[in-house]
1. Can you compute the modelled spin-label distance between ALA34 and LYS70, with each label point 7 Å from Cα toward Cβ, in nm?
2. Given the range 75-129, what whole percent of its Cα pairs are spread farther than 14 Å?
3. How are the C-alpha pair distances of the chain spread across 10 Å bins, as whole percents from the shortest bin up?
4. Per residue of the range 34-48, in order, report the coupling 6.51 cos²θ - 1.76 cosθ + 1.60 (Karplus, θ = phi - 60°) as ³J(HN,Hα) in whole Hz, putting x for Gly and Pro.
5. Filter the cross-link list LYS74/LYS125; LYS26/LYS73; LYS74/LYS102; LYS40/LYS74 down to pairs whose alpha-carbon distance in this structure exceeds 23 Å.
6. Tell me the trypsin sites (Lys or Arg not before Pro) within the range 8-90 that lie in a loop according to DSSP and have at most 16 other beta-carbon atoms within 10 Å.
7. Out of the GluC sites (Glu not before Pro) in the range 23-94, which ones are loop residues according to DSSP with at most 15 other C-beta atoms within 10 Å?
8. Before anything else, pin down the relative contact order of the chain: Cα pairs under 8 Å, at least 6 apart, normalised by residue count, whole percent.
Amino acid sequence: MNTYEIIYSTENSSEPVLSRVILETKALVNILKADIDQDKGVMVISISGSTEDAKRVIKAFSRYGVKIRKIEKKILLDRDKCIDCGACIGLCPVYALEFDKKKKLVLYEDKCIQCKACVKACPMKAFLIEE
Ligand code: SF4
Ligand code: SF4
């Protein structure tokens, strides 16, 4: 997934930057996670389309003074440690964790937005962050 973290500062947190970027670039931008208040904000977005589309979106955000970085690291599941307790499933904001028919946990890496909620919650430390 073409996933990016965008970070607003005090100067631009009250501006409708995302709407402007979408209108200007006509790119398909999907908000996966948002944590915003009056002072600052962090959003995780995915950008559909070509590399050129993503480059245009990145440039537009930068022009408005908003930091944007590609999320590269993957969350991996160590099957040897997981005891399939299910404690992580309900915490995942994008439904990237599910039981299969045999009640074994499955991680859909293409859906994961690396929020790390599951990493912190797992009693077995079964998640790894790829370096
Ligand atoms: S919380 Fe940890 S042990 Fe439990 S299902 Fe999730 S990965 Fe497996
Ligand atoms: S890091 Fe874990 S909880 Fe967060 S999106 Fe990925 S699988 Fe879901």
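1. A separation of 2.5 nm, rounded to one decimal place.
2. 44
3. 12, 38, 28, 17, 5, 0
4. Here the 3J(HN,Hα) series is 9, 9, 10, 9, 5, 8, 7, x, 10, 10, 10, 10, 10, 10, 8 Hz.
5. Going by Cα-Cα distance, LYS26/LYS73; LYS74/LYS102; LYS40/LYS74 fall outside the 23 Å limit.
6. Here the trypsin sites (Lys or Arg not before Pro) that fit, given the DSSP loop and packing criteria, are LYS26, LYS40, LYS73, LYS74, ARG79, LYS81.
7. In loop regions of the range 23-94 (DSSP not H, G, I, E or B), the sparsely surrounded GluC sites (Glu not before Pro) are GLU72.
8. 26
No lab work stands behind these numbers, since they all come straight from the coordinates. These numbers were taken from a predicted model, which means no experiment stands behind them. Every residue, glycine as well, gets a Cβ built from its backbone with ideal geometry; the counts of neighbours run over all protein chains shown.
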